[in-house]
Amino acid sequence: SVHLLDVSWFTESMQAGHPVQILDRHKLQQITEEVVAFSVPSYACQRRTTLENHNMVLTDALSLLAENAELSEEDGRGVAFRRAAAVLKCLPEPVRSMAQLRGLPCLGDHSLRVIKEILETGASSEVESMRESERYKALKVLTGIFGVGAKTADRWIREGIQDLQQLRDSEQTLNRAQQAGLEHYHDLNQLVTKAEADAISEIMERTVISVLPGAQMTLIGGFRRGKQTGHDIDFLITHPEEGREEGLMSKVVSCLEAQGFLLYQKTTRNSYLESSSGPGRPSSNMDRFERCFSIFKLAKEDKRGETLMEDGAKTLNGDPGSHSPSSGQSQASGDRKRASEDGAKDKPSKHKRWRAVRVDLVVSPISQFAFALLGWTGSKLFERELRRWAGHERSMSLSSHALFDSKQGRYLRATSEEEIFAHLGLEFIPPSERNA
Ligand code: DCT
Ligand code: MG
């Protein structure tokens, strides 16, 4: 008699056509229940994905493959791995056997191979060797500098630069963002906590209301989805009266600068215009808002809960120390300087009473607010899938500004996220379930 304890042995034997003699009816029932295949809809925006992930080992491995593909500018492969990881993220329990995955969408051969190896051995040799590869490590370190993307990192690596010290020792010219990124490297690579997000929210809220009473500010990005940490903090600002938000960004930024809160900022202007023929194909979905990328100087709290900032945070012209706030000019060549001039300022210091935090601000007119809110809440994959659903399944074009119905040849208005999901023919998914 064979005692059945091992589910994968059972399913593999079945798949291989080996005769399996079942002697224990109760056990059989348990086993057949356990190998019941999962079933999920194919677009991430049709699924509820909370932060509770029962397949972290698998999704971490696939996310790493996705990241490596993105860093190598193979975006198609990157998306494929992101989609595979997202499918596993929404499963109600840990995957125990390959048989359970049959019929699931978005799992290509490569992803299945990786999953199988992890289920069998506990790890993926491909992922482990990639994690240890010099190229991956160098890409990670260099793109960890704010303002440095995959292209720049790749160019530097080809020129023999693998780490920060080699970058500083080199003759590379850095733009203003990269200079700030190098200077605050350590801080910007520490995760931002919810408590820090709340502290900055308070400062932002006060500032926004002081420059425009009645203006409204919303925490967006990962923190709106309920995450407890993030790589930055994202805010969306609007005013209930259309048009009152015009010029708001520069006032908010000046006010923050006057209080010494900004270590760096770069503002881009809103260039969005509707046309009767519908939205043209934008070069990017992200660049048409009045938007500010900034590095915020957040005072650390001491043990008594008092706010500490050793220098300059309350002076009118900002921090007089080494971290001069930027003046908001564009990245002109005059802003460029050598990497070596930045020295080693990113080193963590016990005595430093503040930390640098990446903060993104977006200003939207109230007529576009629901689209902006939906578009900036994420996750990135959820957004991508919403746009794919709109285009492929509904012949609509969704952006962070508007929804255009190509069949009807008109824009569909919405004042809430719920209305946009309804226009798209999708069940409403709340932010906390958009963690695909
Ligand atoms: N976004 C997007 N497509 C991009 C970049 C961003 O749709 N290429 C949207 C979705 C999330 C939001 O903007 C904010 O972006 P991030 O801050 O990069 O993402 P996040 O989910 O907030 O992640 P983190 O918690 O790490 O900041
Ligand atoms: Mg974010």
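The values are calculated or read from the model by the stated rules, or taken from the named source; none is laboratory data. All of these numbers come straight from a predicted model, not from anything done at the bench. Note that each Cβ is placed from the backbone with ideal geometry, even for glycine, and that neighbours are counted across all protein chains shown.
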Problem set entry | Close pairs (8 angstrom Cβ cut-off, 6 or more residues apart or separate chains): within 17 Å of LEU373 (Cβ to Cβ) and among the β-branched types (Val, Ile, Thr) in segment 222-246, within 16 Å of ligand 2 (Cβ to nearest atom) and in a helix (DSSP H, G or I) anywhere | ILE233/GLU196; ILE233/ALA197; ILE233/ILE200; ILE233/SER201; ILE233/GLY221; ILE233/PHE223; THR238/ALA372
Problem set entry | Qualifying position, being touching a helix residue (DSSP H, G or I) at 6+ places or on another chain (Cβ under 6 Å), free of Cβ contacts under 8 Å to residues at least 60 places away in the same chain, assigned to a loop (DSSP other than H, G, I, E, B) and within 26 Å of ARG225 (Cβ to Cβ), among LEU107, LEU91 | LEU107
Exercise. Does at least one position in segment 172-187 carry a residue that is of a type in the set (Val, Ile, Thr), modelled with pLDDT of 95 or more, within 15 Å of ligand 1 (Cβ to nearest atom) and under 30 Å from LYS140 (Cα atoms)?
Worked result: no
Problem set entry | Members of segment 58-76 that are surrounded by fewer than 18 Cβ atoms within 10 Å (Cβ to Cβ) and hydrophobic (A, V, I, L, M, F, W, C) | none
Exercise. What are the residues in segment 92-142 that are surrounded by fewer than 18 Cβ atoms within 10 Å (Cβ to Cβ), closer than 20 Å to SER72 by Cα and of a type in the set (Gly, Ala, Ser), if any?
Worked result: GLY108, SER125, SER129, SER133
Seminar exercise, completed: How many residues of segment 191-220 are touching a residue at least 24 places away in the same chain (Cβ under 8 Å) and either more than 19 Å from LEU262 (Cα to Cα) or in contact with a strand residue (DSSP E or B) (Cβ under 7 Å, 6 or more places away or on another chain) (or both)? The answer is 17
Problem set entry | Wholly enclosed helices (runs of 4 or more DSSP H) of segment 1-88 bearing at least 2 residues modelled with pLDDT of 95 or more and out of contact with any strand residue (DSSP E or B) (no Cβ under 6 Å at 6 or more places or on another chain) | 56-71
Exercise. Given the structure, is GLY221 small (Gly, Ala, Ser) and more than 12 Å from ligand 1 (Cβ to nearest atom)?
Worked result: no
Seminar exercise, completed: In segment 143-153, anything assigned to a helix (DSSP H, G or I), surrounded by fewer than 18 Cβ atoms within 10 Å (Cβ to Cβ) and either at positive phi or of a type outside the set (A, V, I, L, M) (or both) is listed as LYS151, THR152
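Let's see how each residue does on (1) touching a Leu at 6+ places or on another chain (Cβ under 6 Å); (2) away from ligand 1 (no atom under 14 Å from the Cβ); (3) small (Gly, Ala, Ser); (4) modelled with pLDDT under 95:
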site	(1), (2), (3), (4)
GLU246	no, yes, no, yes
TYR272	no, yes, no, yes
SER277	no, yes, yes, yes
ASN285	no, no, no, yes
For this session: Could you list, in sequence order, all residues of segment 230-244 that are of a type in the set (Val, Ile, Thr) and within 7 Å of ligand 1 (Cβ to nearest atom)?
Result: none
Exercise. For segment 38-55, which residues satisfy the criterion of being in contact with an Asp or Glu (Cβ under 6 Å, 6 or more places away or on another chain) and of a type in the set (Gly, Ala, Ser)?
Worked result: ALA44
